[in-house]
Each structure stands twice: as structure tokens, then as C-alpha cells.
Amino acid sequence: MQKQFAELTDSQWQVIEKFLDVERKRKNCLRTIINAILWITRTGAQWRNLESKYPPWSSVYYYFRTWQKTGVWGEILKHLVQLERESQGRNAEPSAVAIDSQSVKKVSFISISTGIDGGKRVNGRKRHLAVDVLGLPVGIYVGPANNHDSVEGVELLWQIENASRRVRLISADKAYRGDFEELVTGIYNWGMDISQKPESQSGFVPQKKRWQVERSFAWLNFYRRLTRDYERLPESSVLFIQLAFCSIILARRSG
């Protein structure tokens, strides 16, 4: 994990540019635009405080919103995950997935799709992740923190199905029993492995087949834009999570 922000190298840019219309003449270089967006993701700065070496923040934000609407970063992330899996000698599509959620505090001016997680005493939103054995994402969803995991987690299932035709097993904790488990086993015909740490143990205890998703949440702590939920819309929260994971995988392909 890189300790500080680094702009895209030539090899990293070559992976991304195939998803963009780089042939069209523009006032601002798309590589510089993407560097600016990744800088915001890593540093947590406000859009209006974007460093002067980058294009005006309004131009950068325009591309941020445009690529959000067209799903460009989702496609880039999916491609990067497949490349990383293949580089480690694995099939491009996973056969097993681990899921979990993380409640995150919101900032004061955010009111859309928020709630209070009474168990963790968090007023904000809840991030749901589905990851493979390497901790790489195959599904991301953000919703109100007060909604139950077994309900909100359903939003991960169609993403998992789109990401891999090989999935056979979903690993989760007991919070995903109920509607979620019924859909997994009854509609998608996948296996469901429910695990939970013993009640006698306190603190963090790595769970077999699920510790990878806990590590993935820990990776996101390196991206200051994700320390709180600063986004007006949950869709933007999802996009910044996608950007963080793209940065993580691209850092492994530096050179």
C-alpha cells in the first residue's frame, strides 16, 4: 500500500485509457483529470481546494459526474480485478465471495439515504462489500446505516452474478440470515456459509473465509475521502470506493 499519493505511471495509464475516448481533442488532458480525481480520493480535500497544478475543479468534477453516470469506473475496476487475479495465477472470475458491512459516520450536511446504526451507534451510511479471496471487490453498495444487512445486502447479489459465472459459495456472518440467505440459496443456487466469532471472545477475531473482507475495509482507511461519508448521494460514495480500489490495484502495477 502506497503511503502517499502518486500520479499514474505510463503503464497504469495504458490500462485505463482504453476505457476512455482519448482520441477526441479536449482542453484538458484526460490523464490529468484522472490524476486529479485520484488525488481527491487519497487526500480527502474538497473539490474547491483542488491543487492548482490540475485543471479547474469544476472541469474535474464534470468528468467525475459524467463517468459516474456512464459507469466507466465500474468497468475499469472490474477489468483491474480480473487482471490482478490472473497475475496471481487465478481464474479471472472468483468461485467464492465473502461479504460484510461497515457503518460510517456522515458529515453534518448529508441527509439523503442516512440513518442510525443503533448497535454501533453510528449516524450515517453503511458500506456493503463483496470481495474475492484476494480481498478484491466484486460488489459494492452504500445505503442507510439503520437498514438491516440481510435486506441491503441483496443489492450485492446481482453485482456478484455479473462479475462471475463461477460463484458457488457466499461467506457471511449471521446478520445476513433471512431474506438474503433465502435469495442466495433459493434463487441464485449458491452455497451459504454463515460464521460468527464465539461470544466468549472480544475484539477483532479473524473469521475463516471472511477475514479478507475485513482487510479490504482496512485498506480503505488509507483514503481520507472515505474516513467519513462526505457525499450528498450514496452513488458518489460507491464511486469513491471504486476509485480507492482502482488505486490499490494500480499501485501493484506500477512501473
### Signed unit charges on C-beta, dipole axis of the chain, positive-most listed residue 71, 109, 134
109
### Query
Cα-Cα over 28 Å: which of 27/69; 18/105; 18/53?
18/105
### Task
State in Å² the accessible area per residue of the chain; use a 1.4 Å probe, count heavy atoms of protein chains only, and round to the nearest integer.
51
### Query
Nearest 20 debye, what's the magnitude of the dipole of segment 21-100 about its Cα centre given +1 on Lys and Arg Cβ and -1 on Asp and Glu Cβ?
500
### Message
With angles folded into 0 to 90 degrees, how steeply does helix 234-251 sit against the dominant principal axis of the chain? Use alpha carbons for both and round to 10.
### Response
80
### Task
State, as an integer percentage, the relative contact order of segment 124-194 based on alpha-carbon contacts under 8 Å between residues 6 or more apart.
26
### Query
What relative contact order, as a whole-number percentage, does the chain give when Cα pairs under 8 Å and 6 or more residues apart are counted?
24
### Message
Let's see if you can work this out: charge +1 on each Lys and Arg Cβ, -1 on each Asp and Glu Cβ, no other charges. What is the dipole magnitude of segment 53-131 about its Cα centre, in debye to the nearest 20?
### Response
460
#### Entry: Normalised convex hull volume, segment 47-88, alpha-carbon set, Å³ per residue
86
### Task
Give the carbon-plus-sulfur fraction of the accessible surface of the chain in %, rounded to a whole number; probe 1.4 Å, heavy atoms of protein chains only.
46
### Computed over segment 93-148, Kirkwood Rh from alpha-carbon pairs, angstrom
12.0
### Rg(Cα) / (2.2 N^0.38 Å) computed for the chain, rounded to two decimals
1.02
### Query
Suppose every K and R has +1 on its Cβ and every D and E has -1 on its Cβ; what is the size of the dipole of the chain about the Cα centre, in Debye to the nearest 20?
840
### Summary
Projecting the Cα atoms of 81, 33, 185 onto the charge dipole of the chain, where Lys and Arg contribute +1 and Asp and Glu -1 at Cβ, the residue farthest towards the positive end is 33
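The values are calculated or read from the model by the stated rules, or taken from the named source; none is laboratory data. On a predicted model such as this, the values are computed, not experimentally measured, just so you know. Note that each Cβ is placed from the backbone with ideal geometry, even for glycine, and that neighbours are counted across all protein chains shown. Side chains included, ligands, DNA and RNA excluded: accessible areas come from the protein's heavy atoms. Shrake-Rupley method; radii C 1.70, N 1.55, O 1.52, S 1.80 Å.
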